[in-house]
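Participant: Dropping a structure here in C-alpha cells format, bear with me for questions.
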Amino acid sequence: MIYEGKKKIWAEYQKEIPEDHYFYVRSCIRQSFFPASEATFLDITRNKLGKDIFETEHHTTCGGIAYHSDAIPQETVMTIIARQFALMHKYGYENYVCSCITSFGLYCETMETWREYPELQQKIAENLWKSCHLEFAKPKFLVHASDLIFKYRMQIAAKSKFKLVNKNTGEPLRVVEHIGCHYSKMFPSKGVGGAEYPYVLVGMVEAWGGQIVDYPERRHCCGFGFRQYFIKSNRGYSLSNTHKKFESMEPFKPDMIITNCPGCPYFLDRWQYVIAETQGKTYGQDGHGIPVFTYEEVAGLVMGYDPWDLGLQTHQVSVEPLLDKIGIPYDPAKKYLGKNGKYLGEPEKPHCLK
Amino acid sequence: MIYLLTTNLQQISPEGIIDRYPNSYNHFVLPFVIGITFILIYLFIGLIRILYHLTGEDRLKLLKSLFNPKTAWKNIKDIFCDCLLHTKIWKRKPLLGYMHSAIAFGWFLLIVVGHIEVWLFAPRHLSGLTEGSLYYPIFYRFFIWINPAHETLRGSVFFFIMDFLLLYVLSGIGLAMFKRVRSIALGMRHTTKPSLADRVALYCLWLIFPLRLLAEGFTADLSGGGFLTRPLNWVFRAFFGNELNFLPTWWAYSICLGLFFVAMPFSRYMHILTEPLLILFRNAGLKVRHPRKGFAEAEIYACSSCGLCLDACPMNVQKKNLKYSSVYFMRFLRRHNKRKTREIAEKCLMCGKCYALCPVGVNSPAIRRAIRETQNNKIQCDYSYLGKYAEKSSENPKSGGKILYFAGCMSHLTPTIIKSVETILKASGQDYEFMDRNEGICCGRPLMLAGRGDAARQTIEANSKIIRNSGCTTLLVSCPICLKIFKEEYSLKGIKVIHYTQFIDSLIKEGKLKVSKSSSAIVYHDPCELGRGCGIYEEPRNVLRAIAELKKASKERDESICCGYSLGTLTLDEKDKAKIAESSVSSLMAENPQEIVTACPMCYRAIRSKAEVPVKDFAEIVCENIENNDKN
Amino acid sequence: MIDFGFGVSPSSRINLDSADKEKFNELAIAEPDVLKCMACGSCSASCTAAAFEDTSLRRAILSLQNGLGDDASKLLSHCMLCGKCTMVCPRGINTRHLILSIQKIYSL
Amino acid sequence: MKNNILVIGGGPAGLEASKALSQMGYNVILAEKEKRLGGHLAKWDRLFPDQVSAKEVLDSMLSGIKDVKCFTETDVNSINLLDRSFNAMLSNGITVLADAVLLASGFDMFKAEKKEEYGYGIYDGVLTNADLEQAFREGKSSNPAPKAIGFVHCVGSRDEKAGNPACSKVCCATAVKQAIETKELYPDAKVYCFYMDLRMFGRHYEDLYLRAQKSGIRFIRGRVSEVAETAEGRLLVKAEDTLSSRPLKVTLDRLVLMAGMRPSEAGHKVGRQLNLSVEEDGFFSARDGLLSLQKSKLPGFFYAGACTGPKTLPDTLHEARSAAMEIDRYIKENFRK
C-alpha cells in the first residue's frame, strides 16, 4: 500500500464545509438504534465546541425509506425534501446538516436532479406552495453530520482525554471504517475523499490516534438494503453481505469498526450475533465480536464521555474489552441502568459474543 | 526325446563311413525335433488358453459350427483358399499372391507329398514316435541314403514332384527376398518393420529351402532326385569329390527348421498356425468381447504382419502415422503394451479398410473398439431424457407415413441432403414422415464407436421405440453412420432399413422416379460406413450411371480412402484429418471428373473443403436430374 | 445454533484461487484443444442433446477454467457424442475427445 | 529555394514524415518536446504482432532523418499564420517560418491512477502497459517470480466516465503480446487477461491470440471492477465472468493496466493557438474523415498519426507518408507556380 497515492486521491476530493451555523435534521431510525449518538453530536458541537446548530421539531422524515422501498413516487419525496429545505430557510439558515446517510444521498440526488431538470424543480416549488404554503429554497451547503465531525476532528482531538491507542502496547488501534453506500458512491465529489477511498472517517481515526485498515471488501455494502432486510425471506441475503465483509476483514484483525450510516453499525453489530448463532463463528479476539461504533460514539469516547451515557450498552457486541484496551473507565454495574437509574432490561444472550 | 536319443542304435548301415548311424536316427534331427516339439506344446497350451477365455456361449457356438455341414464346408474352403492359396492377395496383387501361395502351398505340398512317399515306401516310420515319425518324413532323403535297406531310386514321379515343389517354394522365397529390397515392385509402398524374432524366423525361412536343396543335392545320387537335385549332385561330385560335405548341410537344414519353429511363437509366422483357428472362430460367428483374450488373442496371433494394412490405412498419407497401423497395433497387443495400444485404438478412423484388405481377415477395428470400451464404457451419463422423449413422441406417433425418414444429426448440418431427399420423396409420390425434422436422438453409432456401448444402447432403445410406434414399414436413412447401426444393432422386425442410395435405385428401377442423363463426368466416393460398413457399392453406382458419366477413382469400393472426418477417430487432429481428406480427393480426381458425388454428410463436408471441383450429395445430383415433367 | 428462518447463503462468486488447476492441467495434456476455445458457442448452438437438456460444451470448458468440475460434468452428462460440434467448431477443437477426456478426468 | 516545413512531434509519425519530406528536397525542421526522439516507441520493448524489437524499428527510422534539423526538448511556444506561411517560436529561441506545418503530436497515455478502483499508485503490484514495457527493456524480472499476473484491457478506453468512450485500438494486441511475454518469463505463473471484446483485427493478431491461449493464458470476458490488497499484500481482483454470468475473484501478484490513448496535451496547445477544431473525443478533426485525412481545416496545416485518433504503428507510418505527399502537393500548388 502506497499511502502517498491515497493522499493524492484525497487531495482531489476536497469538499467545502462551512465552519458554523447549521440547520440540523435527525435520522428516523438512529434514535432507536443508537439513541445517544445524535444527542452526543449536538452536545459536542453546541456545548463542547460552541457551534450554532439549530434544530426544529417541525422537520419530518426525508421520505427515503419509503422512496427506496418503492412506496412513494419521486415527486412526493422531492416535495417532502423541499419542505425540509424551506424550514431551514424559514429559520434563517443556509447550511443544512443531516444525521442520516440515506437522507444525505437523497438530498444530493434531488439537488442534482433539480439542477439537471429545472422544470421539475419549478413543479416541486409549486407543489410545496400548494401543500404547505412555504417558500421554496435550497441549502447553500449540504453536509452530512460526519462531514462536520470530520471538520471539527482536530478541535475534538485537542479536547480529547483518550486516544485510539492500545494503552498496554502503545500501538494505535486497528480500525475498520465503513462508509454508508449513499454517502459518496452516487456522487463521489459530494463526499470527503471521494468514493474509492473516502477520507471522512479515516481523517477522524487518524486525528484521534488510530490506524485505518483497508481490507478487500471495504467498499461492500453492510447488507442493510431496505428491500433485503424488510422481507424476512430476503434477510439471508442481507446477512450474507455482512458475513462476506467480516470474512474479508478477519485476516486484518481489526480492533473496532467505525461507521457513518444509520443502518450499517446496526447490521454490522447485530448480524455478528446471528452469524455466531448460525455459523458458530466470531471475528474478534478471544471469541469476542468486533465492536461497532458510530462516529459520534467514538468522538464521545475520546472526549471522555461515560460509555453508558453514549448508549454503548445497546450494542450487541460488548464494548468492554475495547474500553479496557484504550483504558476508558466504566462501571460495569451501571451498564443496564438508564439515565434515571432504572433497570433497562438486558439482551437474552449478552454473552453470546462474550 | 531322451528315448529318441537312445533307441534304434543297433541298426547299423553296412557301408563304411556311415556304419555308426542308426538307420532312422541321426543327431542332426535333434534341432528339428526340439523345435517341432516346442511348437506343438506351445500350440496346445495356446489353444487351451484361447478356448478357456471364450465365453461358454461362444464355445458352444464354436462346437455347433464344427458339426454344421455348411460351416464345416466353409471352414475347409476358407482354410484352403486363405491359408494356402492366399486367394485374397491374388485378387488384389497377383505377384504378391503368387509369392505367398508359393511358400505356403508349396511347403504344405512338400510336407504332404513327403509323407505320402514315406507312407508308400517306408510305412514303418510313420507308425510311431519310436520309429521317428516326427522327423523321418522331413529328412526322408537322408535316411534312404544312409540305409540301403530302403528301396532307393523308386518313385521317380515323386522325385520330380518333390523337386518341382521345391522349385515352386524357392521361387516364392526368391520373390520374398526381392520384396525386402524393392517392395513396390510387388505392389507395396510400405512394408512392416520386422521385430528381432521376425528377423530370426525370416532368415531361417529364407535358408530352409535353399539348404534343403543343397542337402538333397548331396544325397541325390543314392536317395534319388529329380531335375533339380540330380544335376546339383553331379556338380557337387565334380567339385567336392567325396560325400563328407553332406552331413553339415543336413545339420544346417535341421537347425534352420528347429530355430524357425522356436522363433515362430514370437514372430509373425505364428499366423501360419493360428489362421485356421481364426477361420473356425469367424465362421462360427464369434465376436470380439475382450481386447486381448479369447477371440482377440486368436486374431492377434493370426496377424501375419504382412503390412498390407500399412498402405491401406488412410492416415498413412503422412509417414509419421505409420506407427498407428493395424500391424503395429497387433504387435503391441501381443506384447501387452497397454499405453501404445490405447493410443493407437484412439487414433484410428475406424474406416475398416485394413480389415477389408487384410488377407487373414483380422478385424482390428473391433479390437480397437473393445479397447475403447475398457476406457470409456464406464463413463456415467444421464440419458433419462431419451426415454421421456421417446415416450412423448410415441404418444403422438408420426402417423400415416409408410416411410419414416431419419436424417440424423449430421445431415442437419447439410440441409442440401435433407432438402434433396424430401424433393425426391415428393417427386416420386411417396407417403412419408420426417422423424427428426425438429429434434431427434442420435442413432448411437458415435457412442458405439467411442466405446460407450452401454450408452449407445440407451439411444438405440429410445429410437427403436419411436420407430416401432410410428407404424412405418420402411426406415429411410440418409446418413451411412446411422444406417450401419440401424442395421446391426437395432431390432426393428418388419421394418426395412434402407439407405437413400438403395431407395432411389429402387425408385428408378420401379419407374417411380424418372431421371435423365447429363453429359457431366462424375466420380463417386464410397463412404466407409456405407461401403465397407454395409456393403453398399452397386446401388449408388447404378443410379449415377443413369444420370451421368461415371468415372473411376484410383481407389474405390472397398479400397476407397476415408474422407478423414470419420467419427471413428477420437484423437486424430484437424491437420491430419485435412491431409487425409486431400489424399481422398486426389484419389477421386484420378480421371479428372467434373464433379464429385458422395452419399454421407460427413464425407460431403470433408470433400467439399478440399476439392477443387463441385462436390454434390447423391440426392442432390439425382434431384438435378429428375426429368422435367415429373418435377414438382 | 438457532434457526432464524434465514441464514448465510453460499456465495455465487467464482474463486479462481481455489480452482483445481491440477485436473485442468491433466486435461490440457490429454486434450490440449481445451485451451483453444474462444467461446463462440457454435457447439452449443448445434448440439443435438441441447434440444432436450441443458448441454453446452462452451460453458463446460468455461466451468473447468473456473474450477467448477461438477458443473462441467453436468453440462456434458447428456451428450450423445454425435460429433456435430466437431464439425462446426471454427477452431477445429476435437470436441468428442475433449468431452470424453473431461468425463474421465472429472468423474473420478 | 527550399521550402521550410515544420514537423511538430518526433514520434514515429513525425520521423517518418520528416524522412519522406527531406527526401523530396524540403528543408524539414522537427520539434520534439522530449529529450529523445521516438515518442512512445522509444519506451517500448517489443512490438506486436511479431515481437520485433522497438529499438531496431526506431533506429532504422532515425537513420533516415540525417538531413532533418531536429530540436529536442523543444516546445512550440507560439505559432501563428502570416499571410501564407506559419510563424512558429520555439522554446529554444528559434523562430521558424514554415510554408507548411505537420502536426504529429501523437497521444498521451491515459493516466491509470484516474481509475481509482484499480489502485494504480496505491498498490505496489499494479502497473501499466508502459511500466511493463520499461521493465522488459531493462530486462528486469521479479524474484521471487510472481505466481499470478493479470492484464486489464480497456483501462481508460471505452469508458465514458473516464472521458474516453472510444476504443484505443492497440491495447488488446498489446495485452496479448505482453501476456505471452510474461508467460515466457514466468512459465509457472497463471496469466489472466480481463477483456470486454477482444479486438484482434489485424493480420497475425488472431494467431497471437491463439498462441496465447495455447500457452495457457486464461481470457476472462469481463471488466475488472475493483482491486484490493489482501492481508499478505497481494492483489484481490474482482470482475464478472460475463460468459458464465457470475462474479469472480482471483488473487494476483501483478496487475497490468492497459492504459489507452488520450489526445496529446502538447498537441492541444498548438491547436488552440490556431483555433483547430477537435472532436468530442478530444482528437483533432481532419478536413474529411475519408478523403482528406491528413488535412486540417487550415490550408498548409497537416496531421499525421495519433493526433487524429488512436492508431497502430503501421497506420501511423502510412499516414506520415501520405501526409508528406499531401504537403508536397500543397507546396507545389501554392508556392511554385
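Participant: Could you check the stretch C:64-108 for helices (runs of 4 or more DSSP H) lying wholly inside it with 2 or more residues that are at negative phi and facing chain B (nearest Cβ under 8 Å)?
Facilitator: Passing ranges, in order: C:84-88, C:95-105.
Condition check ((1) in contact (Cβ under 8 Å) with a residue 60 or more places away in the chain; (2) in contact with a strand residue (DSSP E or B) (Cβ under 7 Å, 6 or more places away or on another chain); (3) β-branched (Val, Ile, Thr)) across all residues:
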{"site": "D:Thr242", "(1), (2), (3)": "no, yes, yes"}
{"site": "D:Pro247", "(1), (2), (3)": "no, yes, no"}
{"site": "D:Thr251", "(1), (2), (3)": "yes, yes, yes"}
{"site": "D:Arg254", "(1), (2), (3)": "yes, yes, no"}
{"site": "D:Ala259", "(1), (2), (3)": "yes, yes, no"}
{"site": "D:Gly267", "(1), (2), (3)": "yes, yes, no"}
{"site": "D:Leu274", "(1), (2), (3)": "yes, yes, no"}
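Participant: Then there's this: Among the residues of the stretch A:272-315, which ones are within 14 Å of chain C (Cβ to nearest Cβ) and free of Cβ contacts under 8 Å to residues at least 60 places away in the same chain?
Facilitator: A:Val274, A:Ile275, A:Thr278, A:Gln279, A:Gly280, A:Lys281, A:Tyr283
Participant: Please state which one of C:Ala60, C:Ala28, C:Ala19 is more than 30 Å from B:His412 (Cβ to Cβ), out of contact with any His (no Cβ under 6 Å at 6 or more places or on another chain) and either among the hydroxyl-bearing types (Ser, Thr, Tyr) or modelled with pLDDT of 95 or more (or both).
Facilitator: None of the others qualify; the one that does is C:Ala28.
Participant: Considering only the stretch B:273-285, I want to know if a residue exists there that is of a type in the set (Ser, Thr, Tyr), part of a helix (DSSP H, G or I) and buried (at least 22 other Cβ atoms within 10 Å of the Cβ).
Facilitator: Checked the stretch B:273-285: at least one residue is of a type in the set (Ser, Thr, Tyr), part of a helix (DSSP H, G or I) and buried (at least 22 other Cβ atoms within 10 Å of the Cβ).
Participant: Can you give me the number of residues within the stretch B:351-378 that are in contact (Cβ under 8 Å) with a residue 24 or more places away in the chain, surrounded by fewer than 21 Cβ atoms within 10 Å (Cβ to Cβ) and within 30 Å of C:Asp70 (Cβ to Cβ)?
Facilitator: 3
Participant: So for the stretch A:217-229 (the condition being over 17 Å from the mean Cα position of the chain (by Cα) and free of Cβ contacts under 8 Å to residues at least 24 places away in the same chain), does at least one residue qualify?
Facilitator: Scanning the stretch A:217-229 turns up at least one residue that is over 17 Å from the mean Cα position of the chain (by Cα) and free of Cβ contacts under 8 Å to residues at least 24 places away in the same chain.
Participant: What number of residues within the stretch D:86-130 are of a type outside the set (Val, Ile, Thr) and away from every other protein chain (no Cβ under 14 Å)?
Facilitator: Of the residues in the stretch D:86-130, 23 are of a type outside the set (Val, Ile, Thr) and away from every other protein chain (no Cβ under 14 Å).
Participant: Against the condition of a type in the set (D, E, K, R), within 14 Å of chain C (Cβ to nearest Cβ) and under 19 Å from D:Cys154 (Cβ atoms), how does D:Asp281 come out, does it pass?
Facilitator: no
Participant: Does B:Ile485 meet the test of being outside any strand (DSSP E or B), within 27 Å of the chain's Cα centre (by Cα), buried (at least 24 other Cβ atoms within 10 Å of the Cβ) and within 14 Å of chain C (Cβ to nearest Cβ)?
Facilitator: yes
Participant: Which residue, of D:Arg199, D:Arg218, D:Arg234, is modelled with pLDDT of 95 or more and within 14 Å of chain A (Cβ to nearest Cβ)?
Facilitator: Unique residue meeting the criteria: D:Arg234.
Participant: Okay, next question. Checking the structure you have, find out if any residue of the stretch A:112-124 is outside the structural domain of A:Gly180 (by TED's automatic domain parsing), within 23 Å of the chain's Cα centre (by Cα) and assigned to a loop (DSSP other than H, G, I, E, B).
Facilitator: No, the stretch A:112-124 contains no residue that is outside the structural domain of A:Gly180 (by TED's automatic domain parsing), within 23 Å of the chain's Cα centre (by Cα) and assigned to a loop (DSSP other than H, G, I, E, B).
Participant: Would you mind stating whether D:Glu326 is on the phi < 0 side of the Ramachandran plot and over 18 Å from the mean Cα position of the chain (by Cα)?
Facilitator: yes
Participant: Kindly indicate the residue of the stretch B:398-429 that is modelled with pLDDT under 90 and buried (at least 16 other Cβ atoms within 10 Å of the Cβ) and also nearest to B:Gly444 (Cα to Cα) among those meeting that condition.
Facilitator: B:Lys398
Participant: Kindly evaluate B:Asp573 against the criterion of being of a type in the set (Asp, Glu) and more than 14 Å from chain C (Cβ to nearest Cβ).
Facilitator: It is false that B:Asp573 is of a type in the set (Asp, Glu) and more than 14 Å from chain C (Cβ to nearest Cβ).
Participant: If a residue must be more than 13 Å from the chain's Cα centre (by Cα) and hydrophobic (A, V, I, L, M, F, W, C), how many such residues does the stretch C:29-53 contain?
Facilitator: Final tally of qualifying residues: 10.
Participant: Could you tell me which residue of the stretch A:10-47 is farthest from A:Ala195 (Cα to Cα), considering only residues that are within 14 Å of chain D (Cβ to nearest Cβ) and surrounded by fewer than 20 Cβ atoms within 10 Å (Cβ to Cβ)?
Facilitator: Filtering the stretch A:10-47 for residues that are within 14 Å of chain D (Cβ to nearest Cβ) and surrounded by fewer than 20 Cβ atoms within 10 Å (Cβ to Cβ), the one farthest from A:Ala195 (Cα to Cα) comes out as A:Ala11.
Participant: Going through B:Gly440, B:Gly408 one at a time, which residue ends up being within 14 Å of chain C (Cβ to nearest Cβ), in contact with a strand residue (DSSP E or B) (Cβ under 8 Å, 6 or more places away or on another chain) and without any contact (Cβ under 8 Å) to a residue 40 or more places away in the chain?
Facilitator: Criteria check complete, one pass: B:Gly440.
Participant: So how many residues does the stretch C:51-108 have that are touching a helix residue (DSSP H, G or I) at 6+ places or on another chain (Cβ under 6 Å) and more than 21 Å from C:Ala28 (Cβ to Cβ)?
Facilitator: 9
Participant: Return only the number of the condition from (1) within 8 Å of chain D (Cβ to nearest Cβ); (2) under 30 Å from D:Glu206 (Cβ atoms); (3) of a type outside the set (Ser, Thr, Tyr) that C:Arg13 does not satisfy.
Facilitator: Going through (1) within 8 Å of chain D (Cβ to nearest Cβ); (2) under 30 Å from D:Glu206 (Cβ atoms); (3) of a type outside the set (Ser, Thr, Tyr) one by one, C:Arg13 breaks only (2).
Participant: Being assigned to a helix (DSSP H, G or I) and surrounded by fewer than 24 Cβ atoms within 10 Å (Cβ to Cβ) is the filter here; which residues of the stretch C:48-58 pass it?
Facilitator: Answer for the stretch C:48-58, where residues must be assigned to a helix (DSSP H, G or I) and surrounded by fewer than 24 Cβ atoms within 10 Å (Cβ to Cβ): C:Ala50, C:Ala51, C:Arg58.
Participant: Still on this model: Write out, first by first residue and then by second, each pair whose Cβ atoms fall under 7 Å of each other, whose residues are 6+ apart or on separate chains, and whose first residue, in the stretch B:222-235, is assigned by TED's automatic domain parsing to the domain that holds B:Tyr140 while the second is of a type in the set (Asp, Glu).
Facilitator: Within 7 Å, the pairs are B:Gly225/B:Asp163; B:Gly225/B:Glu216; B:Gly226/B:Asp163; B:Phe227/B:Asp163; B:Leu228/B:Asp163; B:Thr229/B:Asp163; B:Thr229/B:Glu216; B:Asn233/B:Asp221.
Participant: Give me the strands (runs of 3 or more DSSP E) completely within the stretch D:209-271, filtered to those with at least 1 residues that are hydroxyl-bearing (Ser, Thr, Tyr) and within 27 Å of D:Ser142 (Cα to Cα), ordered by residue number.
Facilitator: Answer list for the stretch D:209-271: D:224-229, D:246-252.
Participant: Next question. What tally of residues in the stretch C:59-100 results from selecting those that are among the acidic types (Asp, Glu) and either surrounded by 24 or more Cβ atoms within 10 Å (Cβ to Cβ) or under 21 Å from B:Lys378 (Cβ atoms) (or both)?
Facilitator: So the count comes out to 1.
Participant: Here's something else I'd like to know. Of the residues C:Cys89, C:Cys85, C:Cys40, which single one is touching a Pro at 6+ places or on another chain (Cβ under 7 Å), modelled with pLDDT of 95 or more and within 24 Å of B:Cys409 (Cβ to Cβ)?
Facilitator: Just a single option satisfies the conditions, and that option is C:Cys40.
Participant: Next up: Check off (1) of a type in the set (Gly, Ala, Ser); (2) surrounded by 13 or more Cβ atoms within 10 Å (Cβ to Cβ); (3) within 12 Å of chain D (Cβ to nearest Cβ) for C:Ser18 and give me the number that stays unchecked.
Facilitator: Status for C:Ser18: all satisfied but (2).
Participant: Hey, another quick one. Would you mind finding the one in C:Val34, C:Val8 that is among the aliphatic types (A, V, I, L, M), within 14 Å of chain D (Cβ to nearest Cβ) and either in contact with a helix residue (DSSP H, G or I) (Cβ under 6 Å, 6 or more places away or on another chain) or closer than 20 Å to D:Gly222 by Cα (or both)?
Facilitator: The match here is C:Val34.
The values are calculated or read from the model by the stated rules, or taken from the named source; none is laboratory data. Everything numeric in this text was worked out from a predicted model, so none of it was measured. So basically every Cβ, Gly included, is an ideal-geometry build from the backbone, and we count neighbours across all protein chains shown.
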